[in-house]
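Okay, so here's the structure we're looking at.
Derivation of every value follows stated rules applied to the coordinates shown; laboratory data play no part. Just so it is clear, the structure is predicted and the values come from calculations on it, not from any experiment.
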Amino acid sequence: TMMLTTTTTTMMTARPTATHARHATAARAAAVRPTTARPAMISGRVSTRDVSMRAEKFNSDDVLKTIADKWEETENKSTVITYVAGATAAVWLSSTLVGAINAVPLLPKIMELVGLGYSTWFVYRYVLFKDSRKELVEQVDALVSRVSGEE
């Protein structure tokens, strides 16, 4: 049989021994158990305690009540239902289209190259230089004001 042992970096290695399978199971179980208490944040990761604290702040009843209130305030419910159905159909259609494109040989790689090329051009055009970054911020602000109706 094979016995699993752990190294100091908690990597599992296999080495043949004459022990029973139950020893290998015990070794695997020991490798899975944490040996020391961990601080709340380790290299940017969120601990379980932080997540539970955020979960306490989130109240699903309040969210459902807010949604219900907004629905009751809506005057043109048929339009909202039409928009939601249209958005759902658009997501389904785009998913189907992407799946079909992905099935064609070489086309996904070509699309990746096009995306890489566009991303490179965008960084060169709008992100690399200070003046072009200002231009990008102005364009985004103008678009936000047009969409929000402030213009």
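Compute log10 of I(q)/I(0) for region 106-150 with the Debye formula, placing one identical point scatterer on every Cα and leaving out solvent, at q = 0.16, 0.23, 0.32 Å⁻¹, to two decimals. Evaluating at q = 0.16, 0.23, 0.32 Å⁻¹ gives log10 I(q)/I(0) of -0.60, -0.77, -0.97.
Across region 84-98, computed HN-Hα scalar couplings (Karplus, 6.51 cos²θ - 1.76 cosθ + 1.60, θ = phi - 60°) run 5, 5, x, 5, 5, 5, 5, 5, 4, 5, 5, 5, 5, 5, 5 Hz from first to last residue, x flagging Gly and Pro.
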